[in-house]
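Take a look at the structure below.
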Amino acid sequence: DKEFWNKDGQYFYNGKFLDGTYMHEKTVLSGVPIYFDAVTDTVKAFKTAASFSSNSYSTDWGVRILPDSSKNYSPNSYHSGMVWPLFAGWASLAEYKTGNYTSGFSHIMNNLLMYQYWNKGSVEETLHGEIFKPAGVCSQQSWSETMVLQPVAEGMLGISPDALSNRIALNPHFPWHWKYVKVDNIIFGNHKIDFEMSRTSTSTIFKFNEAHEKGSILNLSLSFPLGTKVDQVFINGKAVKKVVKKNAESIDLFFDEFKLNEQATVEIFHKKGIGAIPLVNRPNPGDFSKEAKIIQQELVDNKFEIVIEGLANKKYQFKVMSNVILDKISNGRIISKEENIYTIETNIPASSQKYMKQHVSINLKE
């Protein structure tokens with residue numbers, strides 16, 4: 001956490017030599033200590049995980065072990081440039097841990113959608129770093145396949161069970177445009193929990209059912225889009241105290257844990273809120289990486305800023321969920337709107353560099 005931090009470059013060194021000097025190499029492997037809570041400095045953890053969303057690390061089908069900016073990068077090298085679903089999963093887990101939920105979901109989908117190609121239903125161990133094709137190592141790799149599941153369970157759903165004390169923590173982070181979610185068979189110890197979530201622009205409702213042994217303790221924390229104003233929280237019809245904190249891409253809501261006695265309903269009433277919807281890339285075998293990546297989003301006063309990175313001099317579209325009317329937009333234009341989902345088009349600046357960023361600024365009406 002301390003010795004391996006490159007202060008000038010703002011990243012963790014890849015390794016240390018016998019003479020005490022360090023390997024000046026960035027790597028997605030730095031996401032692993034973040035996932036294991038070995039990085040206690042939240043600023044370092046956030047900066048590290050946030051870097052994984054860039055095109056230098058992220059292809060349209062997953063994450064390279066080294067960024068393509070590295071002098072040691074080689075797209076068909078096992079440890080120096082291939083795309084590993086294992087690393088995409090680690091990146092996603094680190095991103096969810098640090099509040100980088102948008103890119104975390106995109107990396108989940110990189111792994112999930114791979115079932116359609118080659119050994120169908122399986123996930124390749126490695127893929128080429130420049131072309132969407134297997135890298136010829138192992139066509140059925142269990143550590144790759146587990147990373148289809150683990151970032152969903154521990155990242156997006158935020159499941160953290162403690163069977164010995166009959167407790168479970170849930171910290172779900174669903175994409176903002178999902179109006180309904182049903183989750184079955186969360187099993188820990190002798191307990192089994194199912195839940196449903198439904199939400200509108202002004203309310204979010206969770207309904208829990210507990211089977212088998214009753215009376216587990218649930219610690220539920222929730223996330224809402226930036227700028228959301230949480231008015232009231234009710235558990236089984238009773239108003240409860242709440243704590244609201246601002247995170248990188250969300251407003252996080254906390255309240256006291258409570259006991260599940262077969263059924264429970266949690267109702268949250270809120271207003272406003274804006275957030276980017278994760279981009280899901282769908283490359284075809286043989287494609288080069290060419291799609292945009294969402295790098296950053298921030299809400300300051302009534303201005304929502306989002307950073308899109310893609311190929312230089314190319315147009316891209318992305319979606320924003322907003323419960324506030326959008327006003328003026330800089331470096332972008334609205335091309336469609338469906339309910340509270342806006343589709344925005346932007347141009348990436350021309351450059352001699354392969355990838356460039358575009359800063360899209362959206363003013364919100366009060």
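Miscellaneous remarks
- Any hit, segment 333-341, residues being surrounded by 12 or more Cβ atoms within 10 Å (Cβ to Cβ) and among the hydroxyl-bearing types (Ser, Thr, Tyr): no
- Search result, residues across segment 20-31 that are closer than 17 Å to LYS2 by Cβ and under 17 Å from the mean Cα position of the chain (by Cα): SER30
- For the residues SER165, SER144, the requirement of being open to solvent by 10 Å² or more (accessible area, probe 1.4 Å) and among the polar types (S, T, N, Q) singles out SER165.
- Among the residues of segment 168-207, just one is in contact with a helix residue (DSSP H, G or I) (Cβ under 7 Å, 6 or more places away or on another chain), assigned to a loop (DSSP other than H, G, I, E, B) and either at pLDDT below 95 or surrounded by fewer than 14 Cβ atoms within 10 Å (Cβ to Cβ) (or both), namely GLY189.
- Among the candidates THR126, THR98, THR102, residue that is β-branched (Val, Ile, Thr) and in contact with a helix residue (DSSP H, G or I) (Cβ under 7 Å, 6 or more places away or on another chain): THR98
- Segment 63-89 - residue that is charged (D, E, K, R) and out of contact with any strand residue (DSSP E or B) (no Cβ under 7 Å at 6 or more places or on another chain) and, of those, most open to solvent (accessible area, probe 1.4 Å): LYS71
- Yes/no for VAL244 being more than 18 Å from GLU196 (Cα to Cα), in a loop (DSSP other than H, G, I, E, B) and open to solvent by 40 Å² or more (accessible area, probe 1.4 Å): no
- Remark: pairs (first residue in segment 261-289, within 30 Å of ALA239 (Cα to Cα) and open to solvent by 40 Å² or more (accessible area, probe 1.4 Å); second residue part of a loop (DSSP other than H, G, I, E, B) and of a type in the set (Lys, Arg); Cβ separation under 8 Å; 6+ apart in sequence or on different chains) = ASN261/LYS214; GLU262/LYS214.
- Counting only strands (runs of 3 or more DSSP E) wholly contained in segment 326-366, the ones carrying 1 or more residues that are of a type in the set (D, E, K, R) and touching a Leu at 6+ places or on another chain (Cβ under 7 Å) occupy 326-330.
- Extreme residue, nearest to the chain's Cα centre (by Cα), among residues of segment 302-325 that are outside any strand (DSSP E or B), under 21 Å from HIS177 (Cα atoms) and among the hydrophobic types (A, V, I, L, M, F, W, C): VAL324
- Here segment 16-62 is the region considered, the condition is being charged (D, E, K, R) and open to solvent by less than 40 Å² (accessible area, probe 1.4 Å), and the residue that is farthest from GLU154 (Cα to Cα) is GLU25.
- SER92 being within 13 Å of TYR57 (Cα to Cα) and either surrounded by 24 or more Cβ atoms within 10 Å (Cβ to Cβ) or at pLDDT 95 or above (or both): yes
- Per-region count, segment 34-72, residues closer than 21 Å to LEU311 by Cβ, assigned to a loop (DSSP other than H, G, I, E, B) and touching a Ser or Thr at 6+ places or on another chain (Cβ under 6 Å): 6
- Among the residues of segment 208-264, those that are over 24 Å from ALA276 (Cβ atoms) and among the small types (Gly, Ala, Ser) comprise ALA211, GLY215, SER216, GLY237, ALA239, ALA264.
- Any hit, segment 215-233, residues being part of a loop (DSSP other than H, G, I, E, B), at pLDDT below 95 and open to solvent by 10 Å² or more (accessible area, probe 1.4 Å): yes
- The listed residue being crowded, with 16+ Cβ neighbours inside 10 Å, assigned to a loop (DSSP other than H, G, I, E, B) and acidic (Asp, Glu), out of GLU210, GLU154, GLU249: GLU249
- Within segment 95-105, the set of residues being surrounded by fewer than 24 Cβ atoms within 10 Å (Cβ to Cβ), on the phi < 0 side of the Ramachandran plot and in a loop (DSSP other than H, G, I, E, B) is empty.
The values are calculated or read from the model by the stated rules, or taken from the named source; none is laboratory data. These numbers were taken from a predicted model, which means no experiment stands behind them. Cβ: placed from backbone, ideal geometry, glycine included. Neighbour counts: every protein chain shown. Surface areas here come from the heavy atoms of the whole protein model, side chains and all, with no ligands, DNA or RNA. Shrake-Rupley method; radii C 1.70, N 1.55, O 1.52, S 1.80 Å.
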